[in-house]
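Derivation of every value follows stated rules applied to the coordinates shown; laboratory data play no part. As the structure is a computational prediction, the values presented were derived from the model and not from experiment. Here Cβ is always computed from backbone atoms with ideal geometry, including for glycine, and neighbour counts include all displayed protein chains.
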Amino acid sequence: MNRMIPAHIPDEPPLTYPDSFDIPVLFRNGPAKKPRRQWRTAKHKAWAGSDGFPAADGWYAPTTTWREIIKAATEVGRDVTPHLQNQPRYAHGELVARVSPLYAYLGAHVVEPRHPVPGAKGRRLTWNPVYAHGTERSAKNAAGYRLGMTMTEWACRSLLGLGQTEHLELGGPIPALYDTFKDPKKKLPDLWGRHEAEERYWLIEAKGGDVGLGTLRKGWAQLAAGSKILGAYAHRTVLVGASVRPGDDLFLTIDHDLHPGQPPLSPDGSGIDEEAAGAGNLEDRLGDSDDALIGAARAQMLTYLALRSAPVSQLRTVPVPADRTSRRRRTGLTTPLEHDGLTLAMRADARGAALQAEQHTVRAGIRSIGLDDFLTCRIPGTEVHLGLSRKLFAACERLHEEDLAIARRTPGLRAEDEPSGDQELSDEAQEERRLTQRRIFREQQEEARPRLRLLLRDAYERGATSDWSSLLRRSQEPALDLEGDESLLEAATPETYLAVSRYDLPPARA
């Protein structure tokens, strides 16, 4: 008798992507000595996906894509957009700075762990020969910092379901504690975020490079200082060490601790935010949460500025299914498109319809069959393409206008307002002044939040029916790309697009 495959087995192709890597991850309850080759020799558990920490500490071997890592790199770090209000073109430079160290110094190699994990790809990231043999110490330190920040963002958001991360230097999650968090004498962790499923804040410290016990202990002390300030509120402290040596595998140690307390506040500090409950990805909740929309728009401001300032000749729009639920979080934040049957079938239908239609009706035609077109461009100096939906682009545009108004009406925020003698200050004094300015800007942004909720919601809804020429305030529409580019590996979230060149992935046998 032939037995049927059990009904719970999904009828879908295996997830095989040409840019996949295994990232060994060790969860534990505090800093310890660097494990000796256990990223190869220990018996790893398969990663089943999680919206929080796994039930048990130990070694795991999740698989991810280069696109997911680049997504993390573009979105983590200090928000520099307040400085770019009048010069949006320089957003390209910041994006280059965030991804170029990864392309410059990371490679991949084939590995054979002692205890293979089912479904593993057998490829892991490592430093490439340029880093190993030709890079000076200062450049290695800079690469380690960027690696640490990127892999921390990847671990917290793609792996563990955390919401958007923010730099702690701007004051942390609790308005009443802003002044304490902003004490320059305190050595505090890098980031904070809010985990909706766990219903608690996370304080996060990132370390990268050849991460030893001494470095981790310093990070643990920074977390302890932040935890002491946040003590009355439920939170988790998370220390991520992204460790790698030339010839060895990149692996992560994630040291963590739970701290009970009061539930998190709403973004305006007025109590529990009922409408913010849900998954960690803000983009999954834009339809019913105004605060999620503000957060998503702010997270994508660098990409928005890069698109806004690019010449029309460098812009294109790519078709993706208008149904956002097809790109909801499953494993990681992004959905690779090369094996997404819905996207491939709908694009094929669109190409067929376009052959029979006049050019000016093609965009309307693809909407009629359930496609939307996201605006994209290649970031100059990289092989990374970033993009936004018209709805999120419109929300970013409105947020940019409000930020620009804040900068214009707030004394001291413009470089033109600084006393001429400031250039003679020490680097440390200048940095403290700039940090103060960023905090003032952030406070003004938060004061505007009640008004922004209405403004961004209106812009988001109007964006759905706006032409790209109208949103870009240009007479020419960007080219609609129905043919696709076989050299690109594409991925999308509900409202964003990312693609990388399949020929510029970390090379094997690094």
Residue by residue through segment 42-59, which ³J(HN,Hα) values in whole Hz follow from phi under the Karplus form 6.51 cos²θ - 1.76 cosθ + 1.60 (θ = phi - 60°), with glycine and proline marked x? 6, 7, 7, 8, 6, 8, 8, x, 7, 10, x, 6, x, 5, 10, 5, x, 8
Please list the non-local residues whose amide H lies under 5 Å from the amide H of G107, H modeled 1.01 Å from N, same-chain partners needing a gap of 5 or more. T126, W127, N128
Please list, in order along segment 479-488, the HN-Hα scalar couplings obtained from phi with the Karplus expression 6.51 cos²θ - 1.76 cosθ + 1.60 (θ = phi - 60°), rounded to whole Hz, x for Gly and Pro. 5, 8, 9, 8, 7, x, 10, 5, 7, 9
Those trypsin sites (Lys or Arg not before Pro) in segment 73-142 that DSSP places in a loop and that have at most 13 other beta carbons within 10 Å: R114
Compare the peptides 240-246, 374-380 by average per-residue count of other Cβ atoms within 10 angstrom and give them in order, highest first. 240-246, 374-380
Estimated D of segment 368-510 in µm² per second, where Rh is the Kirkwood radius over Cα pairs and Stokes-Einstein applies at 20 °C, 1.002 mPa s: 114 µm²/s
Between Rg and the Kirkwood Rh of segment 291-364, both from Cα atoms, what is the Rg to Rh ratio? 1.03
Counting only residues 5 or more apart in sequence or on a different chain, those whose built amide H sits under 5 Å from that of R123 are D22, V111
Starting from the Cα of K391, draw a straight line to each of the lysines and keep only those under 25 Å, dropping any in the same chain fewer than 8 residues away. K71
Three semi-axes of the equivalent ellipsoid, segment 54-192, Cα gyration tensor, whole Å, largest first: 30, 22, 15
Please identify every one of the GluC sites (Glu not before Pro) in segment 167-223 that sits in a loop by DSSP and has no more than 13 other beta carbons within 10 Å of its own beta carbon. E199
Sticking with the crude label model, points 7 Å out along Cα→Cβ, report the distance from S466 to A345 in nm, one decimal please. 3.3 nm
For segment 240-247, in order, what is each residue's ³J(HN,Hα) by Karplus, 6.51 cos²θ - 1.76 cosθ + 1.60 with θ = phi - 60°, in whole Hz (x at glycine and Pro)? 10, x, 8, 10, 7, 10, x, x
Answer check: segment 164-246, Cα atoms, Kirkwood Rh, Rg/Rh ratio of 0.99
Listed by chain and number, the residues whose amide H is under 5 Å from that of R200, excluding neighbours fewer than 5 places away on the same chain and using placed H, are H195
So which aspartates and glutamates can K187 reach, going by Cα to Cα under 19 Å and dropping same-chain residues fewer than 8 places off? E166, E169, D179, E205, D255, D257, D427, E428, E431, E432
Of the listed links K43/K140; K43/K121; K140/K218; K33/K140; K34/K140, those spanning more than 27 angstrom between alpha carbons are K43/K140
Excluding residues fewer than 8 places away in the same chain, name every one of the aspartates and glutamates whose C-alpha is closer than 12 Å to that of K45. D57
With no solvent and one point on each alpha carbon, what is the Debye value of log10 I(q)/I(0) for the chain at q = 0.08, 0.13 Å⁻¹? -0.51, -1.41
